[in-house]
Amino acid sequence: MTFNPGARLDPDQVTDVRGRRYGGGRGIAIGGGGVGLVIALVYVLLGGNPADLGAVPQGGVTGPVGSQLTQECRTGTQGNEREDCQIVGYVNSIQAYWTDAYAQDGGTYQPAQTFIFDGGVDTGCGAATSAVGPFYCPPDQAVYLDLGFFDELQSRFGASGGPLARAYVVAHEYGHHIENLEGLLSAGGGGSGAESRSVRTELMADCLAGVWVNHAASTDFIKPPTTEQVNQALSAAAAVGDDRIQERTQGQVDPEGWTHGSAEQRQHWFSVGFESGQPDDCDTFSGPI
């Protein structure tokens, strides 16, 4: 996606904690148990399943907050030139859309902060390393993102890459924030399997990401996406499908182990949201998926 050069970015919505130390004493709470190899791989590839993150005592990174974003991510031109400023612009646009969408329904949107980190970070969901990938932590109502994930998504997992692929990942995590605000995230986890609540949770977030892409240009931050850019998002969605991951890591596909949905499902639900632009069309919790 391309930013309007004159767009005014708000870097206060993104906190840069790169280079700061974190306490790793609690570990990551996943489904109430330890982190197995397969689960860890899924988290690497898919950016985490918020339904599997248990609420643990509030964490928090320590050390001085970086000021780079505040100083250097102020315009759409900077968003077109720098990846971290790009994330600021995506967050601004996503939250501007959801603020308007909630207001139109007579509600009030509660913003979520995004933290850019490297190495590791402490959160209300536990201590996470970069291996977890992008994730949303419900107790914090915050998105956590290591920019290195985007290189992994392209070089290791076969996505075509590009700005809308990165925007899709950010919008997907904010889709989880919307689910949290609507009371749809299950604190006890959503299980596994092709029809599991975990899969439905992830597919709804994909759909809500598509809804934002449909409306992104209306927020004045971003120019309308091109067909090539939409294909970037679809490529990213397919790359993080459970079947693609299982085929690559295990050599076979087992729908009983799915927690995020197949490549086809993820592309389908992103497309549903993008084509309709209606959040109400993203109900993956009733009916077939």
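The values are calculated or read from the model by the stated rules, or taken from the named source; none is laboratory data. In this text the structure is predicted, and so the values were computed from the model without any measurement. All Cβ positions, glycine included, derive from the backbone under ideal geometry; neighbour counts span all protein chains shown.
What the table shows:
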item	result
Residue tally, condition crowded, with 22+ Cβ neighbours inside 10 Å and in a helix (DSSP H, G or I), over segment 164-192	16
Checklist (1) polar (S, T, N, Q); (2) touching a Gly at 6+ places or on another chain (Cβ under 8 Å); (3) in a helix (DSSP H, G or I); (4) closer than 20 Å to R156 by Cβ applied to T249, failing item	(2)
Residues located in segment 208-222, provided they are out of contact with any strand residue (DSSP E or B) (no Cβ under 7 Å at 6 or more places or on another chain) and of a type outside the set (S, T, N, Q)	L208, A209, G210, V211, W212, V213, H215, A217, D220
Criterion violated by E195 - all others in (1) under 20 Å from Q278 (Cα atoms); (2) assigned to a loop (DSSP other than H, G, I, E, B) satisfied	(1)
Residue list for segment 218-240, restricted to those being crowded, with 23+ Cβ neighbours inside 10 Å and small (G, A, S)	A233, A236, A237, A239
Pairs where the first residue, in segment 95-119, is more than 18 Å from A167 (Cβ to Cβ) and the second is among the aliphatic types (A, V, I, L, M) and assigned to a loop (DSSP other than H, G, I, E, B), C-beta under 8 Å, 6+ apart	F117/V17; F117/V61; D118/L147
Number of positions in segment 260-273 that are more than 16 Å from the chain's Cα centre (by Cα) and either under 17 Å from V213 (Cβ atoms) or surrounded by 23 or more Cβ atoms within 10 Å (Cβ to Cβ) (or both)	4
Residue satisfying all of: in segment 134-170; over 18 Å from S235 (Cα atoms) and charged (D, E, K, R); farthest from the chain's Cα centre (by Cα) among these	D140
Search result, residues across segment 179-191 that are modelled with pLDDT under 90 and over 15 Å from the mean Cα position of the chain (by Cα)	S186, A187, G188, G189, G190, G191
Qualifying residue in segment 118-136 (condition: modelled with pLDDT under 90, buried (at least 22 other Cβ atoms within 10 Å of the Cβ) and in a helix (DSSP H, G or I))	yes
Any chance V213 is hydrophobic (A, V, I, L, M, F, W, C) and more than 19 Å from W98 (Cα to Cα)	no
Unmet requirement for V35, which otherwise passes all of (1) modelled with pLDDT under 85; (2) over 17 Å from the mean Cα position of the chain (by Cα); (3) in a helix (DSSP H, G or I); (4) within 23 Å of A205 (Cβ to Cβ)	(3)
Unique match (being outside any loop (DSSP other than H, G, I, E, B), surrounded by fewer than 24 Cβ atoms within 10 Å (Cβ to Cβ) and of a type in the set (V, I, T)) among T99, T108	T99
